[in-house]
Amino acid sequence: MNCTEVASRLQLFIDEELIFQDMESIRKHLQVCPDCEKRFQTEKLFKQTLKDKIMKRNIESHVVDGVKDFIHNSSN
């Protein structure tokens, strides 16, 4: 798997929504590609930070759903 393919599937990888073979291919790529590993760590941290902030505040569900849709659609 190359950097472009990893980038296009990164959100699905973080969410563990890929088939086993794709998950393994991305894991292997991340082990040898520092740029993709850095991007993965950044995206993972962003997602966790956003989730933590949402959990700390009572944000209306339609706002949360909109943010989730935006994140999901931007990874495609």
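Only the coordinates and a few stated rules stand behind these numbers; no lab work does. Just so you know, these numbers come straight off a predicted model, no measurement behind them. Cβ: placed from backbone, ideal geometry, glycine included. Neighbour counts: every protein chain shown.
List of remarks:
- Partnerless cysteines in the chain, where a partner means another cysteine C-beta under 4.7 angstrom, comprise CYS3.
- In nm, spacing of pseudo-spin labels at GLU16 and GLN31 (7 Å Cα→C-beta vector): 1.9 nm
- Qualifying GluC sites (Glu not before Pro) for the stretch 4-45 [loop in DSSP, other Cβ within 10 Å: at most 15]: GLU16, GLU17
- Share of alpha-carbon pairs per 10 Å distance bin for the stretch 3-74, given as whole %: 18, 46, 26, 10, 0
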